[in-house]
Amino acid sequence: RKEVEQDPGPFNVPEGATVAFNCTYSNSASQSFFWYRQDCRKEPKLLMSVYSSGNEDGRFTAQLNRASQYISLLIRDSKLSDSATYLCVVNRGQAGTALIFGKGTTLSVSS
Amino acid sequence: GAVVSQHPSRVICKSGTSVKIECRSLDFQATTMFWYRQFPKQSLMLMATSNEGSKATYEQGVEKDKFLINHASLTLSTLTVTSAHPEDSSFYICSAGSKGERSHEQYFGPGTRLTVT
């Protein structure tokens, strides 16, 4: 089983749509969870950390369910500029350990 | 946020030659740095964890004699791809971990695109 698994995508949505990405992870010792965004041929950039209580940052909402080892990202009111690949990322255990990336889900927002 | 640089950003080399990639943390000390590579349409795959002053820890399947890692100071780690072959062509990205209450965060360099001809 892969350490981090994501929806295969791609997701093609119109502007203004709401889209949800799902992710599962296999290591129950993981303590830190993130969503990164990666644009074509660029390095990944941190979109948001994910906390057990769920957290929101503008149009983006992340949820974490430790019991089922499941992470989600909800994007509301999609913009053209949201088009990118979204990477679900967990760490291996204690703070400061390596990050393990999911394969990513590609989002394409069209006008 | 913290800044991590990589050099070079792009390199083309001939098969059989060696290539060195530098990763620097510009405004903080990084006791641990990580090296990843990304093949087209694939995700980032962890290659190794680089610890300052000690040997790197390599992931399963990554040849330590081919991918030499040196972390001689708290702000610099280098990855040398020895005897590079076309299948080593990839996007190599480093990251550096911070300390203290932000130790769960990592800061990524802009990546180095290696093409081996």
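The values are calculated or read from the model by the stated rules, or taken from the named source; none is laboratory data. This is a predicted model, so every value here is computed, not measured. Ideal geometry is used to build each Cβ from the backbone, glycine not excepted, and the neighbour counts take in all protein chains shown. The area values use the complete protein model at the heavy-atom level, side chains included, leaving out ligands, DNA and RNA. Shrake-Rupley method; radii C 1.70, N 1.55, O 1.52, S 1.80 Å.
Each 5 Å bin from zero up to the one holding the largest Cα-Cα distance in the protein assembly as shown carries the following percent of pairs: 1, 7, 14, 18, 18, 16, 12, 8, 4, 1, 0.
Given N residues in the stretch A:55-110, what is Rg(Cα) / (2.2 N^0.38 Å)?
Output field value: 1.30.
In the stretch B:70-86, whose amide N lies under 16 Å from the spot 7 Å out along Cα-to-Cβ of B:S54? List them in ranges. The answer is B:70-74, whose backbone nitrogens lie closer than 16 Å to the label point.
Averaged over its residues, the protein assembly as shown has an accessible area of 49 Å² per residue, based on protein heavy atoms and a 1.4 Å probe. Sorting the segments B:44-57, A:18-31 by their residues' average number of neighbouring beta-carbon atoms within 10 angstrom, most packed first, yields B:44-57, A:18-31. Computed from the alpha carbon positions, the gyration tensor of chain A leads to an equivalent ellipsoid with semi-axes of 23, 14, 12 Å, biggest first.
Mean partner shielding of peptide A:97-105, defined as the number of other chain Cβ atoms within 10 Å of each residue Cβ, is 6.
Kirkwood analysis of the Cα pair distances in the stretch B:1-45 returns a hydrodynamic radius of 12.9 Å. Global size of chain B: 13.5, 44 Å for Rg and Dmax (C-alpha atoms, Rg to one decimal, Dmax whole).
For the protein assembly as shown, A:C40, B:C13 stand unpaired, since no other cysteine beta carbon lies under 4.7 Å from theirs.
When a/c reaches 1.5 or more, the comparison of a/b and b/c decides; with that in mind, is the stretch A:25-79 rounded, prolate or oblate per its Cα gyration tensor? Oblate is the answer for the stretch A:25-79, as a/c is 1.5 or above yet b/c matches or exceeds a/b. For a straight C-alpha distance cut-off of 19 angstrom, the aspartates and glutamates reachable from A:K103 (same-chain residues fewer than eight places away being disregarded) are A:E3, A:E5, A:D7, A:D39, A:E43, A:D82, B:E59. Protein-only accessible surface at a 1.4 angstrom probe places the residues A:E3, A:E15 in the order A:E15, A:E3, largest first. Element breakdown for the stretch B:1-46 at a 1.4 angstrom probe: carbon and sulfur atoms account for 53% of the accessible area. Given R0 = 25 Å, the distance between the Cβ atoms of B:T80 and A:Y51 translates into a calculated FRET efficiency of 0.05. Partner shielding of A:46-53 amounts to 1, given as the average count of beta-carbon atoms from other chains within 10 Å of each residue beta-carbon.
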